[in-house]
Amino acid sequence: MANIIITGSSRGIGFEMAKLFADEGHQVLALSRNEKPIASLSHKNITCFPFDISNKSDLEKLEEFLNDSWKTVDVLINNAGKLLNKPFLETSSEEFEAVYKVNVFGVAAITRLVLPKIAKAGHVVTISSMGGVQGSMKFPGLSAYSSSKGAVITMTELWAEEFKETGPSFNVLALGAVQTEMLEEAFPGYQAPTTALEMAEYIKDFALTGYKIYNGKLLQVSSSTP
């Protein structure tokens, strides 16, 4: 059984993934700013505490937990994300930066922290978006979000190259539209073709097996244009 860290686990895909991994017997550290939904499961295989990926003291708390409780990590899933749908000229510098603090700087910070605990056969999976893929259809209002998701695609490719001799493997999944609370908040009324549970099942399987075949790869996981 594996030790799995999942960020952004309070709802949507992250919440469903935590349950799936835990039900299979894996040990899950489910991290999110609001830990109450995942804590309410009272699952014997899930550990959780309040965690903001962009907060230095919370990263220090995670480091302390790993040193005390987990000696190794098998899978890190960078799932936490911040979505802003707002016209570019109406987006302040602070709002733009807030998206990057979570989607780029936070992903880099937690990956840097956890990497020494991950074995060569481990797997770092970062969740991106089809909007961050060069040449994909783009949507107005997503300058901050989609560009940040493009940044983590490139970071993943760079990490795979830098650690290709020592491991672990790094891959990035560019998701299309998934019916989550975050999507509903940004695009009220839009109905995505994929449920959070369906996507969670796919990501779970990929996280446990994809490293055997892929490293430094971007996989487009979408059946729709967005």
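The values are calculated or read from the model by the stated rules, or taken from the named source; none is laboratory data. Since this is a predicted model, take the numbers as computed values, not measurements. Positions of Cβ are backbone-derived with ideal geometry, glycine not excepted, and every protein chain shown enters the neighbour counts. Note: areas computed on protein heavy atoms with side chains; ligands, DNA, RNA excluded. Shrake-Rupley method; radii C 1.70, N 1.55, O 1.52, S 1.80 Å.
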For Lys164: the one exception among (1) closer than 24 Å to Glu90 by Cα; (2) open to solvent by 60 Å² or more (accessible area, probe 1.4 Å); (3) of a type in the set (D, E, K, R): (1)
Conditions (1) over 23 Å from Ser54 (Cα atoms); (2) of a type outside the set (Phe, Trp, Tyr); (3) touching a helix residue (DSSP H, G or I) at 6+ places or on another chain (Cβ under 7 Å): number failed by Lys212: (3)
Identity of the residue in the range 12-22, out of contact with any Ser or Thr (no Cβ under 6 Å at 6 or more places or on another chain) and within 15 Å of Ile127 (Cα to Cα), that ends up modelled with the lowest pLDDT: Ile13
Residues being open to solvent by 20 Å² or more (accessible area, probe 1.4 Å) and either among the small types (Gly, Ala, Ser) or in a loop (DSSP other than H, G, I, E, B) (or both) - total across the range 110-141: 9
Candidates Val152, Val102 - the one that is among the aliphatic types (A, V, I, L, M), touching a Lys or Arg at 6+ places or on another chain (Cβ under 8 Å) and part of a helix (DSSP H, G or I): Val102
Odd one out for Gly106 among (1) open to solvent by less than 10 Å² (accessible area, probe 1.4 Å); (2) touching a His at 6+ places or on another chain (Cβ under 9 Å); (3) closer than 22 Å to Leu62 by Cα; (4) not acidic (Asp, Glu): (2)
Filter result for Asp68 (of a type in the set (D, E, K, R), closer than 22 Å to Val28 by Cα, open to solvent by 30 Å² or more (accessible area, probe 1.4 Å) and in contact (Cβ under 8 Å) with a residue 24 or more places away in the chain): no
Unique match (being among the aliphatic types (A, V, I, L, M), at pLDDT 95 or above and under 18 Å from Ala207 (Cβ atoms)) among Leu115, Leu158: Leu115
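Results for (1) of a type in the set (A, V, I, L, M); (2) modelled with pLDDT of 95 or more, shown as yes or no for each residue.
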site	(1), (2)
Val75	yes, yes
Ala109	yes, yes
Ala119	yes, no
Thr126	no, yes
Ser136	no, no
Scope the range 59-91; condition more than 16 Å from Ser146 (Cα to Cα), in a loop (DSSP other than H, G, I, E, B) and not aromatic (Phe, Trp, Tyr); matching residues: Lys71, Thr72
Within the range 167-190, considering residues that are open to solvent by less than 40 Å² (accessible area, probe 1.4 Å) and part of a strand (DSSP E or B), the one farthest from Leu208 (Cα to Cα): Val178
Selection from the range 7-52 of residues that are open to solvent by 20 Å² or more (accessible area, probe 1.4 Å) and of a type in the set (Phe, Trp, Tyr): Phe15, Phe49
